[in-house]
1. What is the sum of charges, Lys and Arg at +1 and Asp and Glu at -1, for the other residues whose Cβ falls under 11 Å from the Cβ of SER65?
2. Compute the FRET efficiency between SER141 and LEU114 as 1/(1 + (r/R0)^6), taking r as their Cβ-Cβ distance and R0 = 25 Å, and round to the nearest 0.05.
3. Peptides 263-271, 212-220, 195-203: what's the order by average Cβ count within 10 Å, highest mean first?
4. Determine the percent antiparallel among the DSSP beta bridges restricted to the range 159-277, to the nearest 5.
5. In the neighborhood of THR45, defined by Cβ-to-Cβ distances under 11 Å, what is the net charge if each Lys or Arg adds +1 and each Asp or Glu adds -1?
6. When mean projected area of the Cα convex hull in nm² is calculated directly from the model, which label among [x] 17.0; [y] 14.3; [z] 15.9 fits?
7. Pairs LYS43/LYS276; LYS59/LYS131; LYS21/LYS59; LYS131/LYS203: which are spaced more than 28 Å apart, C-alpha to C-alpha?
8. Just to confirm the number: angle between the C-alpha axis of helix 118-131 and the first principal axis of the chain, 0 to 90 degrees, nearest 10?
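Just so it is clear, none of the values below were taken in a lab; they were calculated from the coordinates. Just so it is clear, the model here is predicted, and its values are computed rather than measured. Cβ: placed from backbone, ideal geometry, glycine included. Neighbour counts: every protein chain shown.
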Amino acid sequence: MDIVIDSLTYTYPGQAAPALKDVSLEIGAGELCCLIGANGAGKSTLCCAIAGFVPHFYKGEMYGSVVVGGVDTVQRSIGDLARRVGIVFQNPFDQITGATLTVFAEVAFGLENLGTPRDETRRRIEDVLRKVGLWELRDRSPLELSGGQQQRLAIASVLAMDPPIIVLDEATSQLDPAGTRDIWRIIARLHAAGKTLLVAEHKMEYVARHASKVVLLQGGKVIACGSPREVLGRDDLARCGVRRPPFMEIMRGLTQRGLWQGPMPLTLEDAAAVLKEVARR
């Protein structure tokens with residue numbers, strides 16, 4: 001299921017300046033698209049627009065259109081859109097209902113609201129909890145989980161609904177390196193399974209390694225859209241508030257000094273292999 005955004009401009013209630021300015025973007029079915037940019041660039045607002053929270057929940061003024069799988073988000077309620085788009089927020093506390101006593105029941109909450117048959121509900125819950133590594137904790141209270149486990153629970157609750165599009169709004173920002181790796185392993189598996197993913201992320205090493213498309217935002221505008229190598233290789237990246245992975249900075253230095261003329265490595269492993277080749281020469 002694809003996403004087509006055309007000339008989207010949005011202003012929050014009570015604000016003079018728009019948070020998004022004339023944004024046009026297409027995300028194809030099965031793509032893993034990463035949104036990058038400084039804080040306040042418009043990443044979260046764009047995530048909320050795709051899920052329908054903009055404008056239905058936040059209100060404000062919106063111009064242009066967001067079409068998800070052929071459906072204009074303005075013409076459908078958030079509830080209807082939830083069947084098409086699942087969103088995971090930066091803070092898992094924003095998604096944990098507080099109305100359930102166990103991890104199992106928390107994942108069941110959305111399915112029960114959709115009227116999913118009991119046997120199907122149980123099958124889906126077991127499947128997603130095993131995928132995110134929480135099956136052994138199914139009887140524990142959601143409030144007793146660690147931050148990383150709560151984020152995995154938020155993802156499981158979305159996966160159980162089985163939406164074709166999943167949006168993750170800086171879902172790793174509060175996690176340690178181990179927690180971040182766990183979440184990105186899940187993201188990579190979802191991409192391999194054919195899900196369409198939109199991920200707002202500050203940790204560029206994961207963007208470089210996993211994204212099929214990268215969108216650079218600044219001041220609510222799309223500055224660049226392309227492959228990780230194209231966007232992360234831009235000279236103005238730092239001015240847009242984005243820091244390349246250290247290994248990319250090293251490789252840029254070698255390229256500028258004429259010591260390496262090949263393509264920019266996108267992983268630490270590839271960069272290490274290039275450095276060995278440069279040292280051998």
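1. -2
2. 0.60
3. Sorting 263-271, 212-220, 195-203 by mean packing, highest first, produces 195-203, 212-220, 263-271.
4. Approximately 50 percent, going by the DSSP bridge assignments.
5. Result for the neighbourhood of THR45: +1.
6. [z]
7. Cα-Cα > 28 Å for LYS43/LYS276; LYS59/LYS131; rest within.
8. So the inclination is approximately 30 degrees.
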